[in-house]
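J.: Sharing a structure with you now.
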Amino acid sequence: MRSRSPKIPITTRRFGFTLIELLVVIAIIAVLIALLLPAVQAAREAARRVQCVNNIMQIGIALQNYEGAFEVLPPGSVGEGAGPVLDQPKGYGFGWMASVLPYMELKNVYNHFNYKIGLYDQANITTRTNLVNSFLCPSNPGPHRDPQRVAMTSYAGVYHDVEAPIAADNHGVMFLNSAIRYEQITDGATQTLFVGETRSDGPNLGWASGTRASLRNTDQPPNGGAGGRVARFVPPANGANANPVDGKAASEEELRYVGGFGSYHAGGSNFLFGDGSVRFMKNSISPSVFHLLGNRADGEPIDSDQY
């Protein structure tokens, strides 16, 4: 009889990963995430920058509609005398942003202000806390409100071409008690800045105020002026010249300081020109060219490829 050979057990097939294989897969996924994350962040920033451009275009349309109704641009700040306007909650205080509210479909906000009294009167505090999305750049991390919940803005009008107090004799298009017609912008609206972005340097008097909160100058290029000096003074709610950040009383020089433009976009800031166009101004723009763009009637020619 033929003898049978013993059966050899068949080796069971393994399923799954070894520890080394698992670590390799995790490493590959980590590398892919590291490569994709900057692209995702760049796409999000591109979307925020487009939204910022749309906000500024809305402001530009509102300014044009205001000019069409009154034949002048709105005053940058409304107050008594020739200035200067100090960075403190005193006086009448209404700024240009309050004037353009009806032309931005925000007439209800406009109507809730009591224009018979000053902006900083307690009766107007509730309206000053209205947060207007069109006044905020999506890339600006804030703060968007001060301790009293007064709403901030990421945009400011051009009141002057050099660092100087806001007064009635500035060279920009919106300053103290200004009423600038397009005929007075002799350099041409296409080469005159109206509005630009500002970096947050702490709480201020809010978008409705005609102070450095909504007005800036072109003394320094974008992000150069905003980063060069930060005002220490934090305006208190009771109108006193106290409560600065470092615990010292605010000096006259600090109260007069205004500052320049800047943004949280990489490489520059968005600006509105008088013709309604919005352009991205690089931080590397020549200081002299940027200075000229903030003056409505300096008479100096500027090549279009310089900005």
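J.: Arg216 passes all but one of (1) assigned to a strand (DSSP E or B); (2) free of Cβ contacts under 8 Å to residues at least 24 places away in the same chain; which number fails?
T.: Condition not satisfied by Arg216: (2).
J.: Scan the range 279-307 residue by residue and report those that are in a helix (DSSP H, G or I), hydrophobic (A, V, I, L, M, F, W, C) and touching a residue at least 40 places away in the same chain (Cβ under 8 Å).
T.: Phe290, Leu292, Leu293
J.: So Leu101 clears everything in (1) under 28 Å from Leu293 (Cα atoms); (2) touching a residue at least 60 places away in the same chain (Cβ under 8 Å) except one condition, right? Which one?
T.: (2)
J.: Out of the residues in the range 93-119 that are of a type in the set (Phe, Trp, Tyr) and more than 22 Å from Gly259 (Cα to Cα), which is farthest from the chain's Cα centre (by Cα)?
T.: Quick first cut of the range 93-119, residues of a type in the set (Phe, Trp, Tyr) only: 94, 96, 103, 110, 113, 115.
Remaining after also requiring more than 22 Å from Gly259 (Cα to Cα): 103, 110, 113, 115.
On the way: Tyr103: 20, Tyr110: 21, Phe113: 23, Tyr115: 26 Å.
Applying the filter and picking the extreme gives Tyr115.
J.: Among Phe94, Phe113, which is farther than 19 Å from Pro203 by Cα and modelled with pLDDT of 95 or more?
T.: Among Phe94, Phe113, only Phe113 is farther than 19 Å from Pro203 by Cα and modelled with pLDDT of 95 or more.
J.: Continuing with this model, one more query. Restricting to the range 249-291, what's the tally of residues that are more than 29 Å from Ile61 (Cβ to Cβ), touching a Pro at 6+ places or on another chain (Cβ under 7 Å) and open to solvent by less than 60 Å² (accessible area, probe 1.4 Å)? Outline the logic, then answer.
T.: Filtering the range 249-291 down to residues more than 29 Å from Ile61 (Cβ to Cβ) leaves 249-257, 284, 286-288.
Narrowing further to those that are touching a Pro at 6+ places or on another chain (Cβ under 7 Å): 250, 256, 287.
From what is left, the residues that are open to solvent by less than 60 Å² (accessible area, probe 1.4 Å) are 250.
Qualifying residue count for the region: 1.
J.: Return only the number of the condition from (1) out of contact with any helix residue (DSSP H, G or I) (no Cβ under 7 Å at 6 or more places or on another chain); (2) closer than 30 Å to Tyr257 by Cα; (3) surrounded by fewer than 14 Cβ atoms within 10 Å (Cβ to Cβ) that Cys52 does not satisfy.
T.: Every listed condition holds for Cys52 apart from (3).
J.: Conditions: (1) open to solvent by 40 Å² or more (accessible area, probe 1.4 Å); (2) out of contact with any Gly (no Cβ under 9 Å at 6 or more places or on another chain); (3) not in a loop (DSSP other than H, G, I, E, B). Ser134 meets all but one. Number of the miss?
T.: (1)
Results for (1) in contact with a helix residue (DSSP H, G or I) (Cβ under 8 Å, 6 or more places away or on another chain); (2) at pLDDT below 95; (3) open to solvent by 40 Å² or more (accessible area, probe 1.4 Å), shown as yes or no for each residue.
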{"site": "Ile166", "(1), (2), (3)": "no, no, no"}
{"site": "Met174", "(1), (2), (3)": "yes, no, no"}
{"site": "Asn177", "(1), (2), (3)": "no, no, yes"}
{"site": "Gly188", "(1), (2), (3)": "no, yes, no"}
{"site": "Thr192", "(1), (2), (3)": "yes, no, no"}
{"site": "Val195", "(1), (2), (3)": "yes, no, no"}
{"site": "Gly202", "(1), (2), (3)": "no, yes, no"}
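J.: Another question, then. List every residue pair whose Cβ atoms sit under 7 Å apart, with the two residues 6 or more apart in sequence or on different chains, where the first one lies in the range 259-273 and is under 13 Å from Asn140 (Cα atoms) and the second, anywhere, is basic (Lys, Arg) and outside any strand (DSSP E or B).
T.: From the range 259-273, the pairs are Gly262/Arg199; Ser263/Arg199; Tyr264/Arg199; His265/Arg49.
J.: Can you pull out the residues in the range 67-108 that are open to solvent by 10 Å² or more (accessible area, probe 1.4 Å), in a helix (DSSP H, G or I), under 19 Å from Thr127 (Cβ atoms) and among the aromatic types (Phe, Trp, Tyr)?
T.: Tyr103
J.: Right, next: Checking the structure you have, find out if any residue of the range 39-46 is under 15 Å from Val195 (Cβ atoms), touching a residue at least 24 places away in the same chain (Cβ under 8 Å) and among the charged types (D, E, K, R). Even if it seems obvious, please write down each step before you answer.
T.: In the first step, residues of the range 39-46 are kept if they are under 15 Å from Val195 (Cβ atoms); the result is none.
No, there is no match, as no residue in the range 39-46 is under 15 Å from Val195 (Cβ atoms), touching a residue at least 24 places away in the same chain (Cβ under 8 Å) and among the charged types (D, E, K, R).
J.: For the range 69-91, name all the residues that are of a type outside the set (A, V, I, L, M) and modelled with pLDDT of 95 or more. Even if it seems obvious, please write down each step before you answer.
T.: Just the residues of the range 69-91 that are of a type outside the set (A, V, I, L, M), to begin with: 70-71, 74-77, 79-81, 83-84, 87-91.
The answer is Phe70, Glu71, Pro74, Pro75, Gly76, Ser77.
J.: Right, here's the next one. Please tell me if Asn238 is modelled with pLDDT under 95, within 14 Å of the chain's Cα centre (by Cα), more than 24 Å from Leu106 (Cβ to Cβ) and not aliphatic (A, V, I, L, M).
T.: no
The values are calculated or read from the model by the stated rules, or taken from the named source; none is laboratory data. The shown structure was predicted, so the numbers you read here are calculated from the model rather than taken from an experiment. Glycine gets a Cβ as well: all are built from the backbone with ideal geometry, and neighbour counts include every protein chain shown. Surface accessibility is based on the protein's heavy atoms, side chains included, excluding ligands, DNA and RNA. Shrake-Rupley method; radii C 1.70, N 1.55, O 1.52, S 1.80 Å.
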